[in-house]
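Beneath this line is the structure, given in structure tokens, with notes to follow.
None of the figures in this text is laboratory data; all of them are computed from the coordinates on show. This is a predicted model, so every value here is computed, not measured. Note that we place each Cβ from the backbone using ideal geometry, even for glycine, and neighbour counts take in every protein chain shown.
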Amino acid sequence: MDRVLIESLAVDTVIGVYDWERSIQQRLVLDLELATDIRPAARDDDLALTLNYAAISERIGTFADEHAFGLVETFAERLAAVLREEFAISWLRLTVRKPGAIPTASAVGVCIERGEC
């Protein structure tokens, strides 16, 4: 199975468990690997036959704008479900990082895999 990549996609959203975090937007940085067979798209040079990373990136931005979660884990889990359903993605690996959450770390976050390759 081939994989479409989206790396270091930055989105701003309301995320965090502390009261002060509930009234501001914070940046999350996402990396995605999305399983697909690119051969039909490559054969016909047809965007409609592959995973459109521009459309997926736009949907992620909309998702981040529409939701406010306490946990990065919840953000990742819910986003993975939306992407798999709306784009018919059989398998994905999603890494969500929250830069600056811990002063002595560049970022904290989670990496999840859902579906089957």
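Which listed residue (Thr74, Ile102, Leu28) has the Cα farthest towards the positive end of the charge dipole for region 2-115, taking +1 on Lys and Arg C-beta and -1 on Asp and Glu C-beta about the Cα centre?
Ile102
Extension gain Val29-Ala68, at 0.36 nm per residue separation less the Cα-Cα distance, in nm?
Between Val29 and Ala68, full extension yields an extra 12.5 nm.
Any idea how far the Cα center of region 26-48 sits from the one of region 53-76, in Å?
Their Cα centres are 17 Å away from one another.
With Cα extents along the principal axes in Å as the read-out, I listed (1) 36, 27, 25; (2) 42, 40, 26; (3) 51, 26, 20; which label goes with the value calculated from this structure?
Read-out from the structure maps to (3).
Once the piece of chain linking Arg3 and Ile112 is laid out straight, how much longer is it, given 0.36 nm per residue of separation minus the C-alpha distance between them?
37.7 nm
For region 12-26, just list the computed ³J(HN,Hα) in residue order, Karplus coefficients 6.51, -1.76 and 1.60, θ = phi - 60°, integers in Hz, with x standing in for Gly and Pro.
After applying 6.51 cos²θ - 1.76 cosθ + 1.60, I find 10, 7, 7, 8, x, 9, 8, 3, 5, 6, 6, 10, 10, 9, 10 Hz.
What is the magnitude of the charge dipole of the chain about its Cα centre, with +1 placed on the Cβ of each Lys and Arg, -1 on the Cβ of each Asp and Glu, and no other charges, expressed in debye to the nearest 20?
300 debye
Which whole-number percentage describes the relative contact order of region 14-104, with Cα contacts under 8 Å and a sequence gap of 6 or more?
Normalised by residue count, the contact order of region 14-104 is 43 percent.
At 222 nm, what value in deg cm²/dmol follows for the chain if DSSP H runs of at least 4 each add -39500 (n - 2.57) and the sum is divided by all its residues, to the nearest 500?
Value at 222 nm, helices only: -9500 deg cm²/dmol.
Report the residue, chosen from Ile102, Ile15, Ile89, that carries the largest GNM mean-square fluctuation when the chain is represented by alpha-carbon nodes joined by springs under 10 Å.
Of Ile102, Ile15, Ile89, the most mobile in the Gaussian network model is Ile102.
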